[in-house]
Amino acid sequence: MTRDLGEVEVAPDQVVEFVSPLLGFEGHRRFAIVPVPHARPFHWLQSLEEQGLAFPIVSAAELCVAFAGDDLDLQRLGADDWSEVDFWIIVAIRADGGSLRPNLMAPVAVCRRSRRAAQLVLAEREGPK
Amino acid sequence: MLVLSRRLNETIRIGDEICIRVVGVGPDTVRLGIEAPPHVSVHRGEVYERIQRENMAAAHAPLIAMERAASLIRKQDASDAQKPPRKGESHSES
């Protein structure tokens with residue numbers, strides 16, 4: 001059951017399990033990524049645990065944006081390399097739809113093979129000095 | 001709040017798995033090295049709060065706003081496609 005789309009059949013390959021949760025939503029781990037009818041290129045990142053929780057997301061590839069994390073991220077996601085990982089960008093949409101704020105600081109990474117997901121906070125990566 | 005004084009290179013341990021070391025002290029900054037297991041997420045406070053706020057804001061968009069935003073994006077795409085090719089770009093004429 002979804003927030004705005006009524007009852008939707010979710011295929012296993014649309015389900016993801018967060019290993020690093022969405023900040024502020026630590027209790028929510030299982031989500032489905034489902035396309036929004038009549039609103040391409042948006043998808044919903046819909047909680048499977050709470051019907052009222054869903055985030056508008058857009059594929060980073062659709063926006064021609066590329067990201068990469070580090071080896072620890074790959075390990076957490078259960079991926080061998082970044083070619084197995086899709087990135088999604090959470091978008092804050094003003095209530096009238098007139099302005100969009102994509103969150104490029106913290107994209108959602110999804111390993112296609114393991115179906116594990118993580119919100120990667122790329123804004124603050126800093127190596128040892 | 002527990003308050004502890006530490007010198008350069010001294011550590012604080014939180015539980016069995018988390019270790020924080022003072023690796024640098026400047027006039028108005030302190031550099032900390034943090035060792036924590038992979039399942040513990042570590043963020044600067046202000047970055048964490050900003051991303052948390054963005055996530056909260058995104059979670060409240062109504063469906064109608066998303067449909068309207070999508071139609072604006074598609075209109076933008078369509079008007080880009082209709083623009084004549086710029087000088088220097090190759091295009092075939094029949």
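Rule-based calculations on the coordinates, nothing more; no lab input. If you're wondering where the values come from, they're calculated on a predicted model, not measured in any experiment. Cβ coordinates were reconstructed from backbone atoms using ideal geometry, including for glycine residues, and neighbour counts include every protein chain displayed.
Summary table
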quantity	calculated
Among A:ARG30, A:ARG116, A:ARG76, residue whose mean-square fluctuation peaks in a GNM of chain A (springs only between Cα atoms under 10 Å)	A:ARG76
For region B:36-42, Karplus couplings with θ = phi - 60° (6.51, -1.76, 1.60), whole Hz, Gly/Pro x	8, x, x, 7, 9, 8, 10
For region A:103-109, 3J(HN,Hα) per residue [Karplus equation, 6.51 cos²θ - 1.76 cosθ + 1.60, θ = phi - 60°, Hz, x = Gly/Pro]	8, 7, 7, 9, x, 9, 9
Burial ordering of A:VAL8, A:VAL34, B:VAL3, A:VAL85, fewest other beta-carbon atoms within 10 Å first	B:VAL3, A:VAL8, A:VAL34, A:VAL85
Cβ-derived FRET efficiency at R0 35 Å, A:GLN75 paired with B:LEU32, nearest 0.05	0.90
Cβ charges +1 (Lys, Arg) and -1 (Asp, Glu), total dipole of region B:11-79, debye	220
Stretch gain in nm, segment A:ALA61-A:SER99, where the contour uses 0.36 nm per residue and the Cα spacing is subtracted	11.6 nm
Extension gain (nm, one decimal) between B:ILE12 and B:SER79, 0.36 nm per residue minus Cα-Cα	18.2 nm
Computed lengthening from B:VAL40 to B:MET1, 0.36 nm per intervening residue step minus Cα-Cα distance	11.9 nm
Rounded D (µm²/s) - the protein assembly as shown, Kirkwood Rh over Cα pairs, Stokes-Einstein at 25 °C, 0.890 mPa s	123
Inter-label distance for A:ARG40 and B:GLU49, nm, one decimal - labels placed 7 Å from Cα along Cα-to-Cβ	4.2
